[in-house]
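Chemist: Let me begin by handing over the structure; questions about it come next.
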């Protein structure tokens, strides 16, 4: 009789645990996603997800919230 999907999944999880490569799972059994890289405004400490589309949001934030500061003062190293 073939193994069920649940038996196969449990066997893979036991094997990964024995090898030390086990992935973290949520309560429902799905793998936990990696956290997205974030960039923080140094003046007001608001966090932004870092990707090319958010550069526009950061520029708008800087222009609206901190016009007297330079962009590099708000977001160093970006």
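Chemist: Give me the residue from the stretch 53-72 that is modelled with pLDDT of 85 or more and not in a helix (DSSP H, G or I) and, out of that set, farthest from the chain's Cα centre (by Cα).
Modeler: Within the stretch 53-72, the match that is farthest from the chain's Cα centre (by Cα) is 68.
Chemist: Let me ask another. When you look at residue 31, is it loosely packed, with under 10 Cβ neighbours inside 10 Å, modelled with pLDDT under 90 and out of contact with any strand residue (DSSP E or B) (no Cβ under 7 Å at 6 or more places or on another chain), yes or no? Walk me through it before giving the result.
Modeler: Working: loosely packed, with under 10 Cβ neighbours inside 10 Å: yes; modelled with pLDDT under 90: yes; out of contact with any strand residue (DSSP E or B) (no Cβ under 7 Å at 6 or more places or on another chain): no.
No, not satisfied.
Chemist: Continuing with the same structure: Would you be able to tell me the number of residues in the stretch 35-52 that are under 22 Å from the mean Cα position of the chain (by Cα) and surrounded by 12 or more Cβ atoms within 10 Å (Cβ to Cβ)?
Modeler: 8
The values are calculated or read from the model by the stated rules, or taken from the named source; none is laboratory data. No experiment lies behind these values; they were computed from the predicted model shown. Please note: Cβ atoms are built from the backbone with ideal geometry, for glycine as well, and neighbour counts cover all protein chains shown.
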